[in-house]
Amino acid sequence: MPKTRVVMGSFIRKRVFDFLFASLVIIFLLSWLVLIIALLIKLESKGPVFFKQLRTGKNGLPFYCLKFRSMRISADADLKQASKGDSRITKVGAFLRKSSMDELPQFFNVLKGEMSVVGPRPHMLSHTEYYSKAIDNFMERHIIMPGITGLAQVSGYRGETKEVESMAKRVDADIKYVYNWSFLLDVKIVLLTVSQTFKSDENAF
């Protein structure tokens, strides 16, 4: 079978999985959970319920990545990563980030075809610019759509990246995923992600 047909078939299977999975999450979870989280966010601090930020997508193209707002409004939101003890994080936001529930609106990004359920996590544009110069193979991770979760995250590489070495390990895991993708690998990563949400992770803040 020609390689192009194999690649196209894999892309279609992944997209069908993404569409069905995202639809189920939106219909059965976000349809009622958004209202509760929105109320809690609004009661604690001023500002929008959703936070949207330009991040790097497939082929290096930017897109607006959605999250529940977990921080107070600040001028450096597009430049500074969240860190442990970050004073910008609200109490509700701390819970959302610890449980990874702040990422749930990204299922709308998946439905729009901007993200996949599983793939390399998208970074802020400023970080893409910096790390693409510091890490030789950094941009290889962008040949597929970014994901809500990924091999790097379930392998322990999540949270703030203070050093280039930390990001390099994450990139290695992302590229390993890109070149070893399979439907079963996606299912495994989703199941690991769900199980890890019930465990304490010092890198989640």
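The values are calculated or read from the model by the stated rules, or taken from the named source; none is laboratory data. Remember, predicted model here, so these are calculated numbers, not experimental data. Neighbour counts run over all protein chains shown; Cβ positions are idealised from the backbone, glycine included.
Remarks
- Filter pass, LYS80 being basic (Lys, Arg), touching an Asp or Glu at 6+ places or on another chain (Cβ under 7 Å) and without any contact (Cβ under 8 Å) to a residue 60 or more places away in the chain: no
- Some residue of the stretch 13-20 being surrounded by 12 or more Cβ atoms within 10 Å (Cβ to Cβ), modelled with pLDDT of 90 or more and within 26 Å of GLU129 (Cα to Cα): no
- Qualifying positions in the stretch 160-175 - in a loop (DSSP other than H, G, I, E, B) and of a type in the set (D, E, K, R): GLU160, LYS162, GLU163
Yes/no matrix, rows are residues, columns are (1) touching a helix residue (DSSP H, G or I) at 6+ places or on another chain (Cβ under 9 Å); (2) modelled with pLDDT under 95; (3) farther than 15 Å from MET101 by Cα:
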| position | (1), (2), (3) |
| --- | --- |
| VAL7 | no, yes, yes |
| SER31 | no, no, no |
| LYS46 | no, yes, yes |
| VAL49 | yes, no, no |
| ARG55 | yes, no, yes |
| LEU66 | yes, no, no |
| MET71 | yes, yes, no |
| LYS80 | no, yes, yes |
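- Scan of the stretch 109-118 for residues that are in contact with a Cys (Cβ under 9 Å, 6 or more places away or on another chain) and either surrounded by fewer than 22 Cβ atoms within 10 Å (Cβ to Cβ) or of a type in the set (Ser, Thr, Tyr) (or both), ordered by number: GLU114
- Residues in the stretch 35-55 that are of a type in the set (A, V, I, L, M), free of Cβ contacts under 8 Å to residues at least 60 places away in the same chain, surrounded by 14 or more Cβ atoms within 10 Å (Cβ to Cβ) and assigned to a helix (DSSP H, G or I): 3 in all.
- Residue in the stretch 133-142 that is surrounded by 15 or more Cβ atoms within 10 Å (Cβ to Cβ), small (Gly, Ala, Ser), in contact with a helix residue (DSSP H, G or I) (Cβ under 8 Å, 6 or more places away or on another chain) and not in a strand (DSSP E or B) present: no
- Residue among PRO105, PRO62 that is touching a helix residue (DSSP H, G or I) at 6+ places or on another chain (Cβ under 9 Å), within 24 Å of VAL25 (Cα to Cα) and modelled with pLDDT of 90 or more: PRO105
- Test result for MET1, closer than 23 Å to MET101 by Cα, of a type in the set (A, V, I, L, M) and at pLDDT below 95: no
- Per-region count, the stretch 148-159, residues within 13 Å of the chain's Cα centre (by Cα) and in a loop (DSSP other than H, G, I, E, B): 4
Yes or no, residue by residue, for (1) of a type outside the set (D, E, K, R); (2) surrounded by 15 or more Cβ atoms within 10 Å (Cβ to Cβ); (3) within 11 Å of the chain's Cα centre (by Cα):
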| site | (1), (2), (3) |
| --- | --- |
| ASN59 | yes, no, no |
| LYS67 | no, yes, yes |
| ILE73 | yes, no, no |
| GLN81 | yes, no, no |
| SER87 | yes, no, no |
| LYS98 | no, yes, no |
| PHE107 | yes, yes, yes |
| PRO120 | yes, yes, yes |
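- Residue pairs meeting the criteria (Cβ under 6 Å; at least 6 apart or on separate chains; first within 13 Å of GLY60 (Cα to Cα) and modelled with pLDDT under 95, in the stretch 122-145; second surrounded by fewer than 15 Cβ atoms within 10 Å (Cβ to Cβ) and among the aliphatic types (A, V, I, L, M)): SER126/LEU79
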